[in-house]
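Let me begin by presenting the structure, written as structure tokens, before commenting on it.
Since every read-out is calculated from the coordinates, none of them should be taken as a lab result. Given the structure is predicted, the values throughout are model-derived calculations rather than measurements. Please note: Cβ atoms are built from the backbone with ideal geometry, for glycine as well, and neighbour counts cover all protein chains shown.
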């Protein structure tokens, strides 16, 4: 009989749940943040007030403002060792949360190297010196509940830390923090969440619980993402931001207990051409869905969305078209050409991109494993935005 494990961080959620920071254990709190983003949203002042009301001390260990590079943690590692926090608090998007996971690891394992960090499922249990609290301010990566942290190495390659030990000690989902997200950030991060939901649910090792979570998260994205990115303010948009905040975390839980799929296997385009990860997923997802072929989850989602087709293949192709329509609806480019990637540079990189994709575990766990020729063709279709 097949058995599965379903693991994720303990959650506190709801508007105003940021106030539970008062309950953080310990008297020394080290922060990992994206300070400009927090200041724009007004959350930074709120966080400061909460922390200053406590009896302990706090310091900012790292200020992360882009997808994290391995070099970004050199000074924060030493700062953490000097300050000796008993709680690490991460407030920001996926890059901030990922950086905090790595800092947590290096703080508890001071002699460890990046080579140690990138050994899959070889990180020892963390939490002896500090606990990690993750508070997302964007609605996409689900990093607050996953066992993965993504970094860019010195050669511009995406590298993964992966271990259940990296799942945060707790996560706080306060939709108040997502209300001020710029529309472009909400759109790209929302498409990342949709990719997580669909890829996890159709993964070869997905449990029934993962499939249900992924399917529900995908349904939420189709329903609420367009409302979340519209310019008009109001109660419906506020509700959409809240629903997308929860959907992204639910998709994160799903992918944490299965695997990413083809869009994430091919996402090295992002580091190569300095494109946001969510945008890369948005461009790739219609093509990877079409390439993966029919899957019961895609058929169920297609039927729920009212999409028509005489055969399972036709229904799944219509779903891929619907994803493309969603990308356009939320104002994102549907091709790498439209995103500003130069044609000559892109074509030059395709052999290297294909080689990297074929080595990805995400490709191996996708519903259909693509050949080298198919991957290259997919990259070219994604560049031109061909249906």
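Structure notes:
- Segment 278-317-segment 172-192 distance, computed between alpha-carbon centres (Å): 25 Å
- Cα gyration tensor, segment 183-384 - rounded (a/c under 1.5), prolate or oblate: oblate
- Segment residue 154-residue 358, extension gain: residue separation times 0.36 nm, minus the distance between their alpha carbons: 71.3 nm
- Ordering of 196-202, 78-84 by burial proxy (mean other Cβ atoms within 10 Å per residue, highest first): 196-202, 78-84
- Length added when fully stretched, residue 216-residue 235, from 0.36 nm per residue minus Cα-Cα: 4.6 nm
- Using a cutoff of 8 angstrom between alpha carbon atoms and counting only pairs six or more residues apart, the relative contact order for the chain works out to 15 percent.
- The chain - mean residue ellipticity at 222 nm from DSSP helices (-39,500 (n - 2.57) per run, n ≥ 4, rounded to 500): -15500 deg cm²/dmol
- Difference of contour (0.36 nm per residue) and Cα-Cα distance, residue 13 to residue 373: 125.1 nm
- Centre-to-centre separation between the Cα atoms of segment 1-54 and those of segment 102-170: 17 Å.
- Mean-square fluctuations from a GNM of the chain, with a 10 angstrom spring cutoff on Cα atoms, peak among 330, 375, 70 at 70.
- Each residue, residue 53 and residue 128, gets one label point 7 Å from its Cα in the Cβ direction; the gap between the two is 3.5 nm.
- Calculated FRET efficiency for the pair residue 22/residue 121, C-beta based, R₀ 25 Å, to 0.05: 0.15
- Remark: spin-label model distance residue 114-residue 380 equals 3.4 nm, labels positioned 7 Å along the Cα→Cβ axis.
- Ranked by how many other beta carbons lie within 10 Å on average, peptides 123-132, 228-237 from highest: 123-132, 228-237
- Ordering of 48-60, 157-169 by packing is 157-169, 48-60, highest average first (other Cβ atoms within 10 Å, averaged per residue).
- A Förster distance of 22 Å, applied to the separation of the beta-carbon atoms of residue 184 and residue 337, puts the FRET efficiency at 0.75.
- Spin-label zone in segment 98-128 - amide nitrogen under 16 Å from a point set 7 Å from the Cα of residue 164 along the C-beta vector: 120-127
- Take the Cβ atoms of residue 350 and residue 314, set R0 to 35 Å, and the FRET efficiency comes out at 0.75.
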